[in-house]
2 protein chains.
Amino acid sequence: MIDTDFKTTVTEWFKGLQDRICGALEETDGKGTFLEDAWHRPGGGGGRTRIIGQGNILEKGGVGFSAVYGKTPAKILAALGLDEADFYATGVSIVMHPHSPMVPIIHMNVRYFEMSNGVSWFGGGIDLTPHYVDEADARHFHGRLKAMCDAHHPTYYPQFKAWADDYFYIKHREETRGIGGIFFDRLMAGEGFTAEDRFRFVQGVGESFAPLYTYFMRKNSPLPYGEREKEWQMVRRGRYVEFNLVYDKGTKFGLDTDGRTESILMSLPPQAQWHYNYPTESGSREDHTLRLLRKGIAWT
Amino acid sequence: MIDTDFKTTVTEWFKGLQDRICGALEETDGKGTFLEDAWHRPGGGGGRTRIIGQGNILEKGGVGFSAVYGKTPAKILAALGLDEADFYATGVSIVMHPHSPMVPIIHMNVRYFEMSNGVSWFGGGIDLTPHYVDEADARHFHGRLKAMCDAHHPTYYPQFKAWADDYFYIKHREETRGIGGIFFDRLMAGEGFTAEDRFRFVQGVGESFAPLYTYFMRKNSPLPYGEREKEWQMVRRGRYVEFNLVYDKGTKFGLDTDGRTESILMSLPPQAQWHYNYPTESGSREDHTLRLLRKGIAWT
């Protein structure tokens, strides 16, 4: 039995999270401001897509909030082996592409899904895609995520770190998208957890975004770079496009079910490049990065 | 019963086609030259991927030939409802991205597939993706394709033109990729056609490529353009990436079955851009183009 106010509590909290994150990013960027595009979904609900561009640090990014409801799409019902039911889904999704190749791309998502038959769960994650992998940065990122997870349950970090390694994987390149992070889905009440426990964890994930990313914005944006690093950034952005369009389940599901295309594809970079057989010199920083785009690296 | 020499005849003809097309493109470009990357497939066979870059007219493009064989992948067998069998597949694939937004992107593929159980077919197509749709160019392109098809069978052009409209469709954008062309698959012997008839048609398709595309290279590369047209080209190239990574069956199949990634993704543009909600002014040339990226336009 779902508390009928629970989804409203979650929804309002997600809305506030969007506000707080946009505020923190604008403040750290110092120039870029978010423009809001409010939209309605014909079948029920809508969202507030907020886009930032041409900031001091951020070149293109989006922080989306949505709360949609209606008849559950046939694809979900079939996947769950369920009969017709109404659904309610709310979440916050973020991708940031910085100007500087020394500042990593970041992605975060927190979401809540509920059906009229009583099934409900949380999902989400946060992962970092540095154009150049810096080991100290990777340890910092994973260390903070681990501490946040550990405050909720000792199994969370090891389980969700491995899940992120498997999820954010570009099979045809035999590369992970970046250095991973955490990823989780279908976190339900049960096995000693209440829905409120799960929600508190998801709140922890959401609140970890702004301090983590503004840390990298501040620390890495002053680092020098040149043409070579810029070109490598474009190649890595190409890989980001490949992951999102070929593998990302949220993107595929959104496009398959007539989701709002501009909101789904706000994750794509401002530009990307593809070179045939892009060469990387053995021992170079690019080569070093490729060697670290692997599953199963213990960063903590 | 398949003539055991037939696949060799087809293969050798495809090889020669690759040579002739590369020669015609180099001659018309006047500067770019193809670099060959010969590769072997662990399971059997291999290919010659030829890449051109930084020409006078062509910015990035590839003309690939391959002839591969071995155990038929489980996915194909399942799709066909067949038991274990060996396969042989050979083909030529081309995508060209020009520097100028006034010169269209072009794609062509011709392929032959044969299994040890006697099943065999041809597939392929040729389609044009102008960054700016010019009606006279579209009529020229479709007119030449229709004349070529009509020389083989009166049903070919109407059937394969409609097939291209349906195939080269970006559902989430509600746009066709370009102005289409022809697309066909599983053209077998039977219904009054011999395998040799089908092959003669596929030869017609292959030989139509060089005169068609060098015509647009010569005619459109002198046309003036500026920053605005260049940005629009980047946006249209983004759509090309979306089609190839989200919908193209050859790309998906290749990536799914551990095909050679660099050869499969040689179709991607040198650069692309994504803007949130890219604005097009009503009545502009960009808007005019979007209105013509529709299925079912009778260009002949």
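The values are calculated or read from the model by the stated rules, or taken from the named source; none is laboratory data. It should be emphasised that the depicted structure is a prediction, and the values quoted were computed from it without experimental measurement. Glycine gets a Cβ as well: all are built from the backbone with ideal geometry, and neighbour counts include every protein chain shown.
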Original post:
Is there a residue in segment B:39-56 that is surrounded by fewer than 22 Cβ atoms within 10 Å (Cβ to Cβ), within 16 Å of the chain's Cα centre (by Cα) and of a type outside the set (Ser, Thr, Tyr)?
Top reply: yes
Subject >> From the options B:Gly143, B:Gly44, residue that is out of contact with any Lys or Arg (no Cβ under 7 Å at 6 or more places or on another chain), at pLDDT 95 or above and over 17 Å from B:Asp185 (Cβ atoms) >> reply: B:Gly143
**OP:** Just one of (1) surrounded by fewer than 20 Cβ atoms within 10 Å (Cβ to Cβ); (2) modelled with pLDDT under 95; (3) in a helix (DSSP H, G or I) trips up B:Pro279, so point out which.
**Re:** (3)
**OP:** Give segment A:57-104 a look and list any residue that's under 15 Å from the mean Cα position of the chain (by Cα) and at pLDDT below 90, or say none.
**Re:** none
Subject >> Complete set of residues in segment A:213-241 that are in contact with a strand residue (DSSP E or B) (Cβ under 9 Å, 6 or more places away or on another chain) and either more than 26 Å from A:Asp166 (Cβ to Cβ) or away from chain B (no Cβ under 14 Å) (or both) >> reply: A:Tyr213, A:Phe216, A:Met217, A:Asn220, A:Ser221, A:Glu231, A:Met234
Original post:
Just to be sure, is B:Gln273 within 14 Å of chain A (Cβ to nearest Cβ), over 21 Å from the mean Cα position of the chain (by Cα) and crowded, with 16+ Cβ neighbours inside 10 Å?
Top reply: yes
**OP:** Considering only segment A:197-223, state which residues are over 30 Å from B:Leu268 (Cβ atoms) and not in a helix (DSSP H, G or I).
**Re:** A:Pro222
Subject >> Which listed residue is in contact with a Lys or Arg (Cβ under 6 Å, 6 or more places away or on another chain) and either of a type outside the set (D, E, K, R) or at pLDDT 95 or above (or both), from B:Phe160, B:Phe201, B:Phe216, B:Phe168 >> reply: B:Phe168
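Would it be correct to say that A:Arg200 is out of contact with any Pro (no Cβ under 7 Å at 6 or more places or on another chain), basic (Lys, Arg), within 10 Å of chain B (Cβ to nearest Cβ) and on the phi < 0 side of the Ramachandran plot?
On the way: out of contact with any Pro (no Cβ under 7 Å at 6 or more places or on another chain): yes; basic (Lys, Arg): yes; within 10 Å of chain B (Cβ to nearest Cβ): no; on the phi < 0 side of the Ramachandran plot: yes.
When the stated conditions are applied, A:Arg200 does not pass them.
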Original post:
Is there any pair with a first residue in segment B:242-265 that is more than 8 Å from every other protein chain (Cβ to nearest Cβ) and part of a helix (DSSP H, G or I) and a second that is surrounded by fewer than 18 Cβ atoms within 10 Å (Cβ to Cβ) and of a type in the set (Ser, Thr, Tyr) whose Cβ atoms are under 9 Å apart and which are 6 or more apart or on different chains, and what are they?
Top reply: B:Gly254/B:Thr261
Original post:
Which of the residues spanning segment A:204-241 are free of Cβ contacts under 8 Å to residues at least 40 places away in the same chain and in contact with a Pro (Cβ under 8 Å, 6 or more places away or on another chain)?
Top reply: A:Val241
**OP:** Starting from residues that are under 17 Å from B:Tyr240 (Cβ atoms) and assigned to a helix (DSSP H, G or I), keep the ones in segment B:154-178 and report whichever is nearest to the other protein chains (Cβ to nearest Cβ).
**Re:** B:His172
**OP:** State the number of residues belonging to segment A:110-145 that are under 17 Å from A:Tyr167 (Cβ atoms) and among the charged types (D, E, K, R).
**Re:** 2
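Mind telling me which of the residues A:Val103, A:Val119 ends up being touching a Phe, Trp or Tyr at 6+ places or on another chain (Cβ under 9 Å), surrounded by fewer than 20 Cβ atoms within 10 Å (Cβ to Cβ) and either touching a residue at least 24 places away in the same chain (Cβ under 8 Å) or away from every other protein chain (no Cβ under 14 Å) (or both)?
Within the list A:Val103, A:Val119, the selection yields A:Val119.
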Original post:
Within segment A:39-57, which residues are within 13 Å of another protein chain (Cβ to nearest Cβ) and either closer than 15 Å to A:Phe14 by Cα or of a type outside the set (Phe, Trp, Tyr) (or both)?
Top reply: A:Thr49, A:Arg50, A:Ile51, A:Ile52, A:Gly53, A:Gln54
Original post:
Within segment B:276-290, which residues are more than 9 Å from every other protein chain (Cβ to nearest Cβ), in contact with an Asp or Glu (Cβ under 8 Å, 6 or more places away or on another chain) and without any contact (Cβ under 8 Å) to a residue 12 or more places away in the chain?
Top reply: B:Thr280, B:Glu281, B:Asp287
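Kindly indicate whether A:Asp248 is within 20 Å of the chain's Cα centre (by Cα), modelled with pLDDT under 95 and either of a type in the set (Val, Ile, Thr) or within 26 Å of A:Gly44 (Cα to Cα) (or both). Spell out how you get there, then give the answer.
Working: within 20 Å of the chain's Cα centre (by Cα): yes; modelled with pLDDT under 95: no; either of a type in the set (Val, Ile, Thr) or within 26 Å of A:Gly44 (Cα to Cα) (or both): yes.
Here the answer is no, as A:Asp248 does not meet what is asked.
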Subject >> Selected residue [away from chain A (no Cβ under 14 Å), closer than 20 Å to B:Gly125 by Cβ and touching a residue at least 24 places away in the same chain (Cβ under 8 Å)] from B:Ser66, B:Ser93 >> reply: B:Ser66
Subject >> Condition check for A:Gly192: out of contact with any Cys (no Cβ under 7 Å at 6 or more places or on another chain) and modelled with pLDDT under 95 >> reply: yes
Subject >> Failed criterion for B:Thr214 (all others in (1) closer than 24 Å to B:Arg236 by Cα; (2) in contact with a helix residue (DSSP H, G or I) (Cβ under 6 Å, 6 or more places away or on another chain); (3) buried (at least 18 other Cβ atoms within 10 Å of the Cβ) hold) >> reply: (3)
**OP:** Being buried (at least 21 other Cβ atoms within 10 Å of the Cβ) and touching a Lys or Arg at 6+ places or on another chain (Cβ under 9 Å) is the filter here, so list the residues in segment B:5-20 that pass it.
**Re:** B:Phe14, B:Gln18
Original post:
Quick check: is even one residue across segment A:135-157 without any contact (Cβ under 8 Å) to a residue 40 or more places away in the chain and under 30 Å from A:Gln273 (Cα atoms)?
Top reply: yes
